[in-house]
Every structure is written in structure tokens, then in C-alpha cells.
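The values are calculated or read from the model by the stated rules, or taken from the named source; none is laboratory data. Since the structure is predicted, the reported quantities are computational estimates derived from the model, not experimental observations. In this analysis, Cβ positions are derived from the backbone assuming ideal geometry, glycine residues included, and neighbour counts consider all displayed protein chains. Remember, those area values only see protein heavy atoms, side chains included, never the ligands or the DNA or RNA. Shrake-Rupley method; radii C 1.70, N 1.55, O 1.52, S 1.80 Å.
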Amino acid sequence: MKTDIVVIGGGAAGLGAILSAYKEGVDAVLIERDERIGGILNQCIHNGFGLHYFKQELTGPEYAEIFIDMLKNTSIKVLSNSFLHSIDEKNKKIYLITPEGVKTIETKTIVMATGARERPFGSLFIPGKRLSGIFTAGVAQRYINIQNILPGKRALILGSGDIGLIMARRLTLEGVEVVGVVERLPYPGGLLRNVVQCLEDYNIPLYLSSTVVEVRGNGRLEEVVVAKVDENFKPIPGTEKSFHVDTLILSVGLIPNIELIEDFVEIDKTSKGFSVSNLGQTSLDFIFAAGNCTIIYDLVDYVTIEGEKAGKYASLYVKGEKFPPKIPIKKGKNIGILFPNYYTPIEDLTLYIRVRRPMERGLLKVGTYEKDYKDLIPSEILRVKIPERYMENLKEIEVSIEEA
């Protein structure tokens with residue numbers, strides 16, 4: 001098979017990219033490992049999706065279905081149940097494992113929209129046996145929302161990221177007793193709206209500056225020991241507290257899926273995702289990337305927007321358009337996560353910023369651009385569009401926030 005663009009991943013970024021490429025008039029193929037496209041959206045039955053993109057509040061499946069319906073009215077080829085095996089970057093070939101066997105696609109460009117995976121229990125180095133009853137939040141969510149299976153009867157949640165908060169509410173609504181959410185940071189890891197709607201509205205305690213130090217049980221989880229932590233996240237002896245639960249839900253972060261091509265494209269050392277320009281272009285010109293395989297976004301709307309951009313510029317690359325040289329973007333004071341890594345000056349620059357720590361008020365500086373912001377917290381991405389004129393003649397762009 002030969003094509004102009006292959007988009008790998010049928011989630012929010014991939015759907016945005018493939019539809020954008022189709023509008024540009026190039027031949028495009030969408031690769032999805034599951035039977036149904038839509039990605040993680042299919043199991044997120046809570047609302048809160050689409051407020052920025054569609055100006056209405058949707059559930060995950062509703063959000064995905066709009067794009068799937070758009071796809072039905074196109075000639076885009078969709079290969080579902082297909083796994084990426086490898087990419088031959090020198091000859092621009094993709095090898096897939098499909099139900100019909102191994103397939104090879106020759107392409108002119110690729111958009112990686114491979115998303116992210118959950119950090120597993122084994123990466124946390126928590127003492128204890130290998131017990132049943134310990135789930136990542138995404139797995140527990142899939143059990144409940146897709147397979148109609150309850151993971152347990154009494155649960156504790158480690159990590160106050162958005163999916164952990166949403167699962168606290170979901171488990172409660174399904175009759176599981178949620179005894180608390182444990183967070184090692186001194187502030188919640190998820191959006192404030194989720195803290196209010198998922199914990200406070202259901203009287204679920206949030207234990208800040210705390211972590212799990214041991215799990216106990218005999219085959220099945222029976223007890224979880226939690227302790228307070230100091231400023232270096234070290235457990236403080238004598239502060240231990242036991243919770244008798246049969247279920248521990250882990251919401252301890254996402255890791256961008258970059259395997260298979262990480263050896264020949266640049267990776268951001270902080271986000272662990274693909275380093276890309278504002279066009280979505282990686283360090284290898286014919287490979288673009290978008291979505292949670294670059295940074296972990298807080299809103300799916302942003303994932304779609306960046307997917308569309310990567311699909312558009314990948315299409316222009318196919319058509320032979322030459323882009324100006326990339327200008328490096330450097331993290332300055334108080335910047336935790338920053339996207340993109342490079343600026344190609346053919347449109348205004350849209351930045352996605354996570355601050356390193358909460359600030360009541362901060363002054364954002366980008367080139368000659370300055371603007372005040374209030375109530376900055378690491379869990380909420382600050383999205384800012386910087387007009388091109390503020391970065392004229394710069395060889396490097398530094399982004400910083402001065403606390404006011």
C-alpha cells in the first residue's frame with residue numbers, strides 16, 4: 001500500500017490529524033490498534049469534554065462520535081485492529097501487525113498520535129506482596145464503564161490527578177465505598193472543578209502531602225498504609241495511618257507512548273514525549289506528532305486542536321512546502337512543562353505551559369511579550385497565543401513567569 005500520510009492512533013489527536021489531512025486533499029490512512037476508533041474517549045462516560053472546541057459539554061463517547069461521523073463521510077482508509085510493529089525511517093515504510101498478517105505501507109509522512117499509558121504499580125517501589133485488587137485508574141474505569149465489572153467494595157485512591165478524582169466519584173456512584181484520595185503534593189493534582197465535583201460533593205477526604213508506604217494482604221489486598229511526607233516526598237516516621245480496603249486505585253501519572261521511534265527522533269527530557277515545533281514537526285522532518293505523546297494535556301479539546309495542526313502541516317510537507325528554520329524555545333523561571341519545543345515562524349505561537357508551583361499572581365514573559373495571570377497552578381495548563389511580532393529576530397525564545 002502507498003499513501004501520502006499515515007496517522008498512527010485513532011484517539012482525539014489522530015482523528016483531528018486525519019480529518020485535517022483529508023481537508024488538505026492528500027491521501028491518508030488511519031491506523032488504530034483497537035477494534036473501534038476513539039481511543040480512551042470511549043470509556044470516559046463523564047461529561048466535561050468539548051467546552052472549548054464545540055462550546056458545549058459532552059461525554060467522551062459523544063465527543064468521539066462527532067469526529068467518527070465526520071470520518072464516515074470521507075474516503076479515508078481506516079485500518080483497525082492493527083498494531084505498529086516498526087518504522088523504517090530511511091525508506092519511509094511502516095510495518096503493521098494486522099488480523100490478515102504483516103502489512104507494509106509506503107508513505108511520504110507520518111503523524112504520531114499514539115497517546116500515553118498509565119504509570120504502573122511496579123514503578124512506585126512500594127513495599128509489599130504482589131496482591132490482587134490493585135488497579136490503575138484507567139483499567140478500573142474500563143472495568144466499570146465498558147465491562148460492567150466492579151473492581152472491589154472498599155477503595156483508596158493514590159494520586160489526585162483528574163482521572164483519580166473522576167474515578168473516586170464513579171466508584172462512589174456504583175456503590176463502592178471510597179475512603180479517601182492520597183496525594184503526595186501539598187495541593188491537588190487535578191483540576192479544581194474535579195476536586196469540587198468529585199470529592200467535596202461526595203464528602204470524600206483528600207489527604208495531601210501523603211503517600212502509600214506499604215500494601216498488605218494474603219492474595220487479595222486487605223490493608224494500605226499511608227504516611228505523611230516531607231518537602232522532599234520522604235515518608236515521615238510515626239505518621240503512618242492504615243486503611244482496611246480491598247482495592248487500591250493508582251492515578252500516578254501518564255507516560256507518553258514514544259517507543260519504536262525514540263531512537264531516531266528527539267525526546268523532551270522533562271515531558272518524556274516527542275519534541276516538536278509549533279507545526280507538530282519532530283526532529284525528523286517527515287514525522288509529525290500531536291497529543292499526549294508530546295505532553296500530557298489537561299483538556300481533550302487542546303489535543304484535537306494540536307492534532308489538526310499536525311495533520312495540516314504534514315499535508316503541506318507532502319505538497320512540497322518548505323518551512324523556515326526552527327527557533328528553539330527554552331524553559332525559564334517557574335516553568336514546569338512547556339510545549340512546543342521549537343517555533344517555526346509562519347504563524348502566531350500557541351504555548352501550553354504548566355507552572356512549576358502554585359502562584360497567586362505571575363508575569364509571563366515571552367520575547368518582548370508580557371502579561372499578568374492570576375491563580376496559576378501546575379494541574380491546569382495555561383494556553384497562550386503569542387503574536388509573531390513579539391519574537392522577531394530572536395535566535396532563541398525564553399519563556400518564564402515572574403512571581404508578582
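Points to keep in mind about this one:
- Scanning segment 6-58 for residues that are assigned to a strand (DSSP E or B) and either of a type in the set (S, T, N, Q) or over 19 Å from K72 (Cβ atoms) (or both) turns up V6, I8, N47, G48, F49.
- Single unsatisfied condition, Y63 versus (1) in contact (Cβ under 8 Å) with a residue 40 or more places away in the chain; (2) over 20 Å from the mean Cα position of the chain (by Cα); (3) within 27 Å of A310 (Cβ to Cβ): (2)
- In segment 223-244, residue farthest from A140 (Cα to Cα) [restricted to those that are more than 29 Å from the chain's Cα centre (by Cα) and open to solvent by less than 30 Å² (accessible area, probe 1.4 Å)]: V225
- Restricting segment 116-134 to residues that are among the charged types (D, E, K, R) and part of a loop (DSSP other than H, G, I, E, B), the residue that is modelled with the highest pLDDT: R119
- Residue in segment 80-101 that is at positive phi and touching a Pro at 6+ places or on another chain (Cβ under 7 Å) present: yes
- Among the residues of segment 59-115, the one identified as farther than 16 Å from L30 by Cα, of a type in the set (G, A, S) and part of a helix (DSSP H, G or I) is G60.
- Filter result for G50 (at pLDDT 95 or above, at positive phi and open to solvent by 20 Å² or more (accessible area, probe 1.4 Å)): no
- Residues in segment 153-180 that are in contact (Cβ under 8 Å) with a residue 40 or more places away in the chain, buried (at least 22 other Cβ atoms within 10 Å of the Cβ) and not in a helix (DSSP H, G or I): A155, L156, I157, L158, G159, S160, G161, V176.
- Residue within segment 119-127 that is touching a helix residue (DSSP H, G or I) at 6+ places or on another chain (Cβ under 9 Å) and open to solvent by 70 Å² or more (accessible area, probe 1.4 Å) present: no
- Residue list for segment 217-249, filter: among the β-branched types (V, I, T) and part of a strand (DSSP E or B): V224, V225, V226, V229, T247, I249
- Residue list for segment 25-39, restricted to those being out of contact with any strand residue (DSSP E or B) (no Cβ under 9 Å at 6 or more places or on another chain) and either charged (D, E, K, R) or surrounded by 19 or more Cβ atoms within 10 Å (Cβ to Cβ) (or both): D34, E35, R36, G38, G39
- For segment 209-222, residues that are touching a Lys or Arg at 6+ places or on another chain (Cβ under 9 Å) and open to solvent by 70 Å² or more (accessible area, probe 1.4 Å) total 3.
- Flag if T136 is in contact with a strand residue (DSSP E or B) (Cβ under 7 Å, 6 or more places away or on another chain), farther than 15 Å from L250 by Cα, open to solvent by less than 60 Å² (accessible area, probe 1.4 Å) and not hydrophobic (A, V, I, L, M, F, W, C): no
- Residue within segment 365-388 that is part of a loop (DSSP other than H, G, I, E, B), within 30 Å of L316 (Cβ to Cβ) and within 24 Å of the chain's Cα centre (by Cα) present: yes
- Strands (runs of 3 or more DSSP E) completely within segment 267-357 that count 3 or more residues being open to solvent by less than 40 Å² (accessible area, probe 1.4 Å): 287-289, 335-339, 349-355
- No other residue among I97, I144 is without any contact (Cβ under 8 Å) to a residue 60 or more places away in the chain and surrounded by fewer than 17 Cβ atoms within 10 Å (Cβ to Cβ) apart from I97.
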